[in-house]
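Visitor: Submitted below is the structure of interest, expressed as structure tokens.
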Amino acid sequence: MTDTKLHDLLTQVHEQLKQQDGIDDESQALLQKVLSDVKTVSSSDNSDDLEQDLTDRIEQQAVQFEHEHPTLAEILRQIMDTLGRIGV
């Protein structure tokens, strides 16, 4: 169930990215990297350092998007919560 939730959240982020014109290229590239890392970490056994770095980057993106893209910020926080529930 948690994997399904994570997949749904990742799909929501991709949909939001398609709809958002105001995200600069650097932020969009960083967000794409975060999403790719979420998929990698959730599907394999990785080191704690990579998992902590991922959590930090997701939080950084959520804070950055808070004012201009609140929907993306909320989805990122849900991803962090879901990853925490599956032990990442």
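The values are calculated or read from the model by the stated rules, or taken from the named source; none is laboratory data. For clarity, every value in this text was computed on a predicted model and none was experimentally measured. For neighbour counting, all protein chains shown are included, and Cβ atoms are generated from backbone atoms with ideal geometry for every residue, glycine included.
Visitor: If Val63 satisfies every condition in (1) modelled with pLDDT of 75 or more; (2) surrounded by fewer than 15 Cβ atoms within 10 Å (Cβ to Cβ); (3) over 13 Å from the mean Cα position of the chain (by Cα) but one, which is the exception?
Guide: Failed condition: (3).
Visitor: What number of residues within the range 41-57 satisfy the criterion of being modelled with pLDDT under 75 and either part of a loop (DSSP other than H, G, I, E, B) or not hydrophobic (A, V, I, L, M, F, W, C) (or both)?
Guide: Going residue by residue through the range 41-57, those that are modelled with pLDDT under 75 are 41-52.
Then drop every residue that is not either part of a loop (DSSP other than H, G, I, E, B) or not hydrophobic (A, V, I, L, M, F, W, C) (or both), which leaves 42-49, 51-52.
Here the count works out to 10.
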